Amino acid sequence: MEWLGRQLVRFRYGVLLIWAILLAGSVYFGLQLPGELRGNGFAIQDGRFQQVEDTLNERFDRAGASMIVLFEDGDLDAVMEEQQDRFEAIPSIDGVITPAENPDARSGDVSYFVLEFEDYDAAESSIDAVRDALIVDTDTEVRLTGEPVFADDLNEASKNDLIRAELIGIPVALVVLLLVFGTPLAALMPLLVGLITFIVAAGSLFFFAQNMELSIFVLNAVAMIAIALGIDFSLLLVNRYREELTRGQSREEAIVRTVATAGRSILFSGLCVFVGLAGLLFIQVDVFQAVALGALIAVAGAVLSALTLLPSSLYLVGDALNKGRIIKTDETKSEKRWQKLARFVMRRPVTMTLIALLILLPSLWFVRDLELNIPDADALPTSYESRAALERWDDVFGDNSTDAVLLFEANDLTDPMILEELTSLTDELNEVDIVDNVSTFLTTSGLTPETFTQLAEAAPEQLAPLERLVTLDGNTDLALVNVSFDVPPSDKEAQAFVRDWRDKGFEVGGPAAFNEEIYDEIYDSIPYAVITVILATFFILMWAFRSILIPIKAILMNVLGLGATFGLLVIIFESGYVYDAETISILTPVFIFSLVFGLSMDYEVFLVSRIEEYYRETGDNDYATEMGLAKTSKIITSAAIIMIVVTGAFAFTGVSPIKQLGVGIALAIFIDATIIRILLVPSLMKLFGDWNWWWFGKKDLPKRNMH
């Protein structure tokens with residue numbers, strides 16, 4: 001690392017030139033990134049659900065994408081007639097399904113159209129044209145909803161949320177940095193590095209978006225990580241550089257020493273965060289893959305900017321870093337306060353450990369009530385028309401909607417014996433507890449098997465109205481068995497229904513199959529992700545500190561803190577005491593685990609690196625713990641406050657999963673920086689004494705440079 005520090009000083013202008021070129025290109029491409037994001041990302045490429053969807057699209061000539069236009073009150077017939085004419089004038093709309101073709105699409109003074117498009121891209125590019133064509137200023141309320149509309153609104157809401165969150169988070173972060181360093185330039189540099197990290201990450205993601213579908217949730221997730229980590233790492237490096245200058249080091253030697261010590265800690269910390277987020281790659285759901293990719297780019301960018309851009313910039317800035325002091329800071333008094341606190345805790349380690357456990361353990365009780373959902377229109381703020389329209393549609397027509405579709409395949413569906421099998425299947429499905437209704441081409445048309453067979457042979461044109469329910473191609477015939485439940489398609493019983501009928505040999509589609517596939521993939525993959533992250537983190541920390549006990553303690557404390565965080569999320573979101581009661585997005589706990597597990601190790605590395613430095617010098621575990629806390633607590637606490645502010649600012653945004661994510665990360669960091677870092681770490685370091693440094697039978701470690 002010393003070699004790297006010297007090269008950064010030697011080639012400082014070249015390093016800055018490279019970053020300037022990278023930044024200019026990233027600004028250009030990063031501004032185009034929001035237009036490349038689409039959908040909520042909850043899809044599995046080539047999964048069984050998608051295969052059924054492809055079959056339905058191919059065999060039944062279904063639309064590749066659709067929208068719903070909801071009409072309510074007023075002279076419905078006149079408005080709908082004019083509206084149909086307007087839609088038929090839009091070339092990208094393949095078809096308009098009205099109540100004339102679908103009698104179930106009208107109930108009292110509420111009715112709807114279904115607009116069909118060739119594919120999702122065609123629907124997405126037509127949203128503005130469809131909105132412009134909607135009839136307004138009449139007694140009839142006309143509203144647009146549907147999957148492409150949700151995605152478009154979510155994208156817009158996410159961009160607005162990002163602006164709102166950063167308008168809160170960045171100014172507060174700047175104030176915190178001023179309080180830490182006291183001078184404008186020292187405070188601005190970590191903030192600028194954080195913003196540059198985000199811009200470069202966004203610019204890089206633009207190129208990935210050309211070859212893969214990136215969820216709209218990626219932008220805000222990357223902003224949280226890039227800005228927070230960029231500031232976090234830079235704060236540590238600037239602080240150590242100032243400390244080296246205070247010791248009388250020259251600018252070059254201060255940079256070399258800073259990169260060798262703080263830079264090494266940043267490298268290990270970044271590696272821990274990187275490994276934690278890489279665990280998301282085990283989950284073969286598009287949104288997790290996309291968020292993992294964006295987050296990994298952000299982490300790599302934060303490490304690279306802190307280890308290259310910042311040292312070169314600090315060398316050029318020189319003494320100006322400490323000029324123009326606005327706020328007086330007394331590092332000696334600060335260190336003494338933290339040292340006294342550490343000494344106070346370490347004098348009563350058992351009591352402090354019990355207090356910490358009594359604070360955290362009760363929250364774990366609420367984890368059992370954690371209810372997860374797949375974000376849909378309900379992720380949008382209630383003010384969005386697409387959400388309100390869908391909720392109204394669901395209230396009026398939801399009972400008629402199809403929750404699962406079974407594919408009934410046969411060589412010849414005109415065979416009376418096969419039709420009797422279909423009738424028996426319908427009866428069997430109706431006996432299932434959660435099934436509310438089962439419909440096939442026979443039940444919909446009211447035809448008996450014998451009549452259907454006769455029509456198929458003598459007058460097949462009379463079966464044209466049933467072409468969306470059955471196909472007779474003379475080779476492999478296919479019929480749809482549409483099933484409605486009296487429970488939501490996301491319910492565990494609905495998912496069990498899908499598994500049961502797949503086990504019986506049927507291909508199953510519909511919302512219940514979609515939910516079953518997503519939940520099963522996540523739940524089946526999480527154990528592998530968790531075990532991999534924990535084992536990788538254990539070996540990284542073991543390698544970093546040549547200790548067995550320190551990584552074990554760190555992992556156990558981290559799991560305890562995360563468990564408490566999840567319990568608090570249940571209280572905050574599901575109880576209705578803080579926000580309107582809602583279930584928690586399945587993104588939230590998975591992403592919080594992956595990110596915060598690494599971030600907590602980030603603070604562990606900062607703290608234990610300094611403790612180990614003093615332990616190597618003195619061999620006194622208690623003194624090393626006191627001094628390690630005294631030297632790092634101000635910076636760790638400041639970094640945690642900035643992280644809390646940057647991520648917690650998303651608590652004031654509207655998109656539900658992003659709000660939950662911001663609150664969850666802020667809570668987890670708060671718990672880690674206070675209860676764990678201030679109470680548990682020094683207490684356990686005291687209780688285990690020199691055993692903290694046990695390394696396969698050795699407790700006396702060779703000296704080496706550490707931060």
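A few points about this structure:
- The chain: relative contact order as a whole-number percent, Cα under 8 Å and 6+ apart: 20
- Per residue, the solvent-accessible area of the chain (1.4 Å probe, heavy atoms of protein chains only, all protein chains present) comes to 42 Å².
- Annotation for S424 and D121: the two label points, set 7 Å from Cα along the Cα-Cβ direction, are 4.7 nm apart.
- Along the axis of the charge dipole computed for the range 48-145 (Cβ charges of +1 for Lys and Arg, -1 for Asp and Glu, origin at the Cα centre), the listed residues F49, V114, G95 are led at the positive end by F49.
- Think of each Lys and Arg Cβ as +1 and each Asp and Glu Cβ as -1; about the Cα centre, that makes the dipole of the chain roughly 8860 debye.
- Summed residue charge, Cβ within 14 Å of I678's Cβ, Lys/Arg positive, Asp/Glu negative: +4
- Think of the range 98-237 as a dipole: +1 on every Lys or Arg Cβ, -1 on every Asp or Glu Cβ, centred on the Cα centre; then among M189, A221, I163, M189 lies furthest on the positive end.
- Net charge of Cβ neighbours under 10 Å - reference E574; Lys, Arg +1; Asp, Glu -1: -3
- Solvent-accessible area of Y614 with every protein chain in place, 1.4 Å probe, in Å² to the nearest 10: 30
- Anisotropy class of the range 287-396 from Cα gyration tensor, a/c 1.5 cut: oblate
- Share of carbon and sulfur in the accessible heavy-atom surface of the range 472-579 [1.4 Å probe, %]: 63
- Between the range 215-292 and the range 399-468, the alpha-carbon centres lie 60 Å apart.
- Rounded accessible area of F670 (nearest 10 Å², 1.4 Å probe): 110
- W3, W694, W365, W501, reordered so the largest accessible area comes first (probe 1.4 Å): W3, W365, W694, W501
- For the chain, with +1 on Lys and Arg beta carbons and -1 on Asp and Glu, the positive-most of G628, F366, W393 along the dipole: G628
- Surface accessible to a 1.4 Å probe, Y13 within the full protein complex, Å²: 150
- The range 281-333, dipole about Cα centre (Lys/Arg Cβ +1, Asp/Glu Cβ -1), debye to the nearest 20: 280
- Backbone HN-Hα couplings from phi across the range 121-130 [Karplus 6.51/-1.76/1.60, Hz, Gly and Pro as x]: 4, 5, 5, 4, 6, 9, 4, 5, 5, 5
- Put the Cα centre of the range 638-700 next to the Cα centre of the range 522-601 and the gap is 11 Å.
The values are calculated or read from the model by the stated rules, or taken from the named source; none is laboratory data. Every value quoted in this text rests on a predicted model; they were computed, and no experiment measured them. FYI the Cβ positions are ideal-geometry reconstructions off the backbone, even for glycines, and counts take in every protein chain you see. Ligands, DNA and RNA are excluded from the accessible area calculation, which covers all protein heavy atoms including side chains. Shrake-Rupley method; radii C 1.70, N 1.55, O 1.52, S 1.80 Å.
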